[in-house]
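Each remark here refers to the structure printed beneath this line.
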Amino acid sequence: MSRSKSLAVKYLAAAVLLFGVMTLAGLASAVYYINPDFLFGFVPFNVAKILHIDTMIIWLLMGFMGAVYWFLPEEFGCEPAGIWAAEILFWVFVAAVLAVAAIFVFVQWGPGTETTLWLFQQGRKYVEAPRWAAIGVALVMLVFAWNVVGTALKARRITGVMAVMSVNMVPLVLLYLIAFPKIDNMAVDLYWWWWLVHLWVEATWEILIGCIMALAMMKLLGTSRRIVEGWLYVEVALVLGTGILGLGHHYFWIGTPDYWLGIGGFFSALEPLPLLGMVVHAVYDAGVHRMKTSNQPAFYWTLAEAFGNFLGGGVFGFMITLPQLNLFAHGTQWTVSHGHFAFWGAYACGVLSVCYIALQEQRRLVTVNGSGWVWAFVLLNGGLIGMVGSLLVAGMAQAFFERAIGGSTLEAFIAGQENPWFMLGMYSRFGFGLMFAAGYLTLAWNLSALGRRQVAAVPQPMPAE
Ligand code: HEM
Ligand code: HEM
Ligand SMILES: [Fe+2]
């Protein structure tokens with residue numbers, strides 16, 4: 001196996017392990033809503049939640065990198081430029097993640113000084129990591145960008161998918177720099193922070209996963225490159241056309257001018273279109289190729305990605321995106337419901353699909369079968385949809401009782417938290433969270449055991465594209 005593919009397997013393995021840490025931290029965060037005294041004085045809710053969402057960003061990034069390192073040598077027919085630097089940085093990255101996690105757990109309070117920003121944490125949601133670690137992440141991303149773009153220059157030829165991916169590397173890296181500056185005015189700070197959060201998940205990550213899924217589709221179904229690339233260009237144009245100004249849906253209530261209500265409402269209402277395009281594309285490919293593939297789990301996870309992206313991002317995002325409704329839904333569990341469905345559907349499912357693709361080749365399996373992956377698939381998706389439904393109920397209860405009827409007063413907020421519908425949502429979210437965690441364990445077991453008993457399988461190259 002090429003060096004790039006070995007590195008890919010390391011990144012994917014690290015991603016799956018961190019996914020486990022993330023799930024555990026998510027379960028812990030959910031307990032506080034049922035028993036606020038949980039782990040009292042040791043790990044408070046905010047620390048558990050930071051661990052949960054920061055490990056999410058990192059495991060998904062690692063998953064994307066694993067996917068890209070996996071496909072790079074196939075797309076270019078050579079080892080990526082500077083692969084040695086990526087190999088070293090992998091271990092630096094892992095060490096930094098462990099160090100930051102320990103810091104979050106052990107350093108929970110202190111003054112808001114420069115030292116804190118450099119050594120302990122920067123306090124911006126999703127990118128709380130202290131500056132030293134953030135510099136490390138920026139370095140890893142830079143080398144990652146160099147691996148992609150540099151290889152194109154070295155190979156002196158480029159496929160359409162790789163051209164899109166290379167251009168996309170520029171905003172991917174530049175946006176991360178927003179994690180650094182110290183801005184005292186909270187409105188200004190949020191204004192820029194949303195560039196990072198929104199333009200990552202609704203533009204650059206969306207394009208990156210689009211490229212990865214395009215490569216996966218070609219591999220799994222043997223779809224022709226011409227068709228896959230044609231779709232990709234249309235999707236990218238739509239994502240950029242709707243997603244960039246869709247940023248306005250975060251500018252409704254943070255002190256930005258009124259015109260954002262109209263711009264944000266209009267463009268973000270169009271954001272489901274590219275995601276719908278992706279579903280149509282996946283179903284079309286699957287239909288044309290009669291769903292024939294030697295890697296069923298990977299194929300099912302790509303379908304889950306297409307539908308999850310559309311439903312979780314597009315439909316659940318659309319529900320709360322018009323300012324008239326966002327006024328009530330803003331910052332409630334309704335948002336959390338959308339956040340879970342979207343991140344899971346758009347990104348986690350895509351990474352899991354690539355895990356199975358990589359395993360099939362690494363372990364030389366002619367076909368990937370068995371029932372383990374089916375259990376993992378059903379428990380994970382069932383658990384997640386159950387959590388999303390529970391959060392939707394809790395969030396709607398907040399929107400109705402706390403906002404619409406209660407008028408957003410402090411008393412209404414407290415009453416909302418004690419509302420029976422809200423509490424029901426919190427309990428059932430935890431129940432479905434347990435189901436999800438069981439799915440995670442099944443997945444981890446399946447990924448590590450897959451094919452190990454089929455030692456006799458004939459070594460065989462992957463089916464041609
Ligand atoms: C066992 C499974 C999980 C449980 C129990 C869980 C629980 C939680 C809890 C309690 C929060 C805090 C919400 C709040 O501040 O009120 C949270 C936030 C979040 N979780 Fe999870 N989670 C799980 C899995 C996941 C997965 C698989 C993803 C995505 C791939 C995810 C993404 C997020 C995101 C993006 C947030 C921040 C949402 C926001 O503040 O709007 N979680 N989760
Ligand atoms: C796959 C892509 C997407 C992901 C991963 C995603 C994820 C998230 C997350 C995690 C949040 C909570 C942010 C926070 O406060 O911490 C959020 C908020 C929001 N998202 Fe998305 N989203 C996606 C696509 C969309 C789309 C397509 C729309 C519109 C059609 C949308 C509309 C919104 C709105 C309006 C909010 C703000 C909710 C509020 O005011 O509380 N999202 N999204
Ligand atoms: Fe957004």
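Pick from the range 202-237 the residues that are closer than 18 Å to VAL279 by Cβ and within 16 Å of ligand 3 (Cβ to nearest atom): which of them is farthest from the chain's Cα centre (by Cα)?
My answer is ILE207.
Tell me, please, whether a residue that is surrounded by fewer than 20 Cβ atoms within 10 Å (Cβ to Cβ) and farther than 30 Å from THR367 by Cβ can be found in the range 212-225.
Within the range 212-225, not a single residue is surrounded by fewer than 20 Cβ atoms within 10 Å (Cβ to Cβ) and farther than 30 Å from THR367 by Cβ.
If I ask for residues that are surrounded by fewer than 24 Cβ atoms within 10 Å (Cβ to Cβ), touching a residue at least 40 places away in the same chain (Cβ under 8 Å) and away from ligand 3 (no atom under 13 Å from the Cβ), which ones from the range 299-321 would you list?
Scanning the range 299-321 gives TYR300, ALA304, VAL315.
So which pairs qualify, if the first residue must be in the range 224-249 and closer than 13 Å to ILE207 by Cβ and in contact (Cβ under 8 Å) with a residue 40 or more places away in the chain, the second must be among the hydrophobic types (A, V, I, L, M, F, W, C) and within 16 Å of ligand 3 (Cβ to nearest atom), the Cβ gap must be under 6 Å, and the two must be at least 6 apart or on different chains?
Matching pairs, first to second residue: VAL236/ILE207; GLY243/ALA203.
Mind telling me which of the residues ILE227, ILE263, ILE244 ends up being at pLDDT 95 or above, closer than 23 Å to SER166 by Cα and part of a helix (DSSP H, G or I)?
None of the others qualify; the one that does is ILE244.
Working only within the range 82-107, note down all residues that are more than 19 Å from LEU139 (Cβ to Cβ) and over 26 Å from the mean Cα position of the chain (by Cα).
PHE106, VAL107
Any residue that is touching a residue at least 24 places away in the same chain (Cβ under 8 Å), at negative phi and either touching an Asp or Glu at 6+ places or on another chain (Cβ under 6 Å) or within 16 Å of ligand 2 (Cβ to nearest atom) (or both) - is there at least one of those in the range 361-375?
So far as the range 361-375 goes, no, none of its residues is touching a residue at least 24 places away in the same chain (Cβ under 8 Å), at negative phi and either touching an Asp or Glu at 6+ places or on another chain (Cβ under 6 Å) or within 16 Å of ligand 2 (Cβ to nearest atom) (or both).
Considering each residue of the range 301-333, count those that are of a type outside the set (A, V, I, L, M), farther than 19 Å from LEU275 by Cβ and touching a helix residue (DSSP H, G or I) at 6+ places or on another chain (Cβ under 6 Å), and give that number.
4
May I ask you to verify whether GLU206 is within 16 Å of ligand 1 (Cβ to nearest atom), acidic (Asp, Glu), assigned to a helix (DSSP H, G or I) and in contact (Cβ under 8 Å) with a residue 12 or more places away in the chain?
So GLU206 passes the test.
Assess whether ALA15 counts as being aliphatic (A, V, I, L, M) and under 30 Å from VAL148 (Cα atoms).
For ALA15, the condition - aliphatic (A, V, I, L, M) and under 30 Å from VAL148 (Cα atoms) - is met.
Determine whether TRP445 is more than 23 Å from GLY389 (Cα to Cα), aromatic (Phe, Trp, Tyr) and more than 16 Å from ligand 2 (Cβ to nearest atom).
Judged against the criteria, TRP445 is a match.
Name the helices (runs of 4 or more DSSP H) wholly inside the range 304-405 in which the number of residues that are of a type outside the set (Gly, Ala, Ser), within 14 Å of ligand 1 (Cβ to nearest atom) and farther than 21 Å from VAL16 by Cα is 3 or more.
In the range 304-405, 333-342, 372-397 are the helices (runs of 4 or more DSSP H) which contain 3 or more residues that are of a type outside the set (Gly, Ala, Ser), within 14 Å of ligand 1 (Cβ to nearest atom) and farther than 21 Å from VAL16 by Cα.
The values are calculated or read from the model by the stated rules, or taken from the named source; none is laboratory data. What you see is a predicted model; the values in this text were computed from it and never measured. In this analysis, Cβ positions are derived from the backbone assuming ideal geometry, glycine residues included, and neighbour counts consider all displayed protein chains.
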